[in-house]
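Read the structure below first, then the notes.
The values are calculated or read from the model by the stated rules, or taken from the named source; none is laboratory data. Quick caveat: nothing in here was measured; it's all calculated off a predicted structure. With ideal geometry, Cβ positions are generated from the backbone for all residues, glycine too; neighbour counts draw on all protein chains shown.
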Amino acid sequence: MFVLLVLLGFGLCAGNIQKPGKLIGKLETIYHGVTGDVYVSEESDSKLNIINFNYDGEGPATVFWIGLKGKHGPLIDSSGILVPDENGQTGPLKEYKQANITINLPNNIKSSQVKWLAVWCQIFKLDFGHVFFP
């Protein structure tokens, strides 16, 4: 019984996402060790799963940031939209090491509307890593 509880607890703590969904692509690393695979969740097309997400947590005012098709340019820039982290927080991202997380797109936005997702520094207006959506 103890072993089962330990294994269940480990799975929950590790952010165990059983079916990540449809692969969008890998986050392109630019700064701060940002890596991970981005998927559209099978549960909802307004949820994104980021598998094996890494970020060193050292950037100031760093957030998840999206651009929409037909509204934002082809490059990642300050015209994007802030996406809360996996806990619904909009503050600076913490350090992540091989984390499996789910983020919810805001304002009823669907993944089909998204042009790009970035790990973005709001102070310096810098892209630390991104993925473009098909």
- [ ] Answer yes or no as to whether Gly67 is over 26 Å from Pro134 (Cβ atoms), buried (at least 18 other Cβ atoms within 10 Å of the Cβ) and at pLDDT 95 or above.
- [x] no
Open item on the list: Against the condition among the acidic types (Asp, Glu) and more than 19 Å from Gly129 (Cα to Cα), how does Asp37 come out, does it pass?
Closed with: no
Open item on the list: Could you check the range 39-53 and list, in sequence order, the residues that are in a strand (DSSP E or B) and farther than 18 Å from Asn87 by Cβ?
Closed with: Tyr39, Val40, Asn52
TODO: Scan the range 45-52 and give yes if some residue there is over 14 Å from the mean Cα position of the chain (by Cα) and surrounded by 19 or more Cβ atoms within 10 Å (Cβ to Cβ), otherwise no.
DONE: no
Open item on the list: Can you tell me which of (1) part of a loop (DSSP other than H, G, I, E, B); (2) of a type outside the set (A, V, I, L, M); (3) more than 16 Å from Lys26 (Cα to Cα) is the one Gly67 doesn't meet?
Closed with: (1)
Task: Residues that are modelled with pLDDT of 95 or more and either surrounded by 14 or more Cβ atoms within 10 Å (Cβ to Cβ) or of a type in the set (A, V, I, L, M) (or both), drawn from the range 1-25 - done: Gly21, Leu23, Ile24, Gly25
Open item on the list: Quick check on the range 70-114: of everything there that is of a type in the set (S, T, N, Q) and closer than 19 Å to Tyr31 by Cα, which residue is modelled with the highest pLDDT?
Closed with: Gln98
- [ ] Go over the candidates Leu126, Leu117 one by one and state the one that is farther than 18 Å from Ile24 by Cα and either at pLDDT 95 or above or not small (Gly, Ala, Ser) (or both).
- [x] Leu126
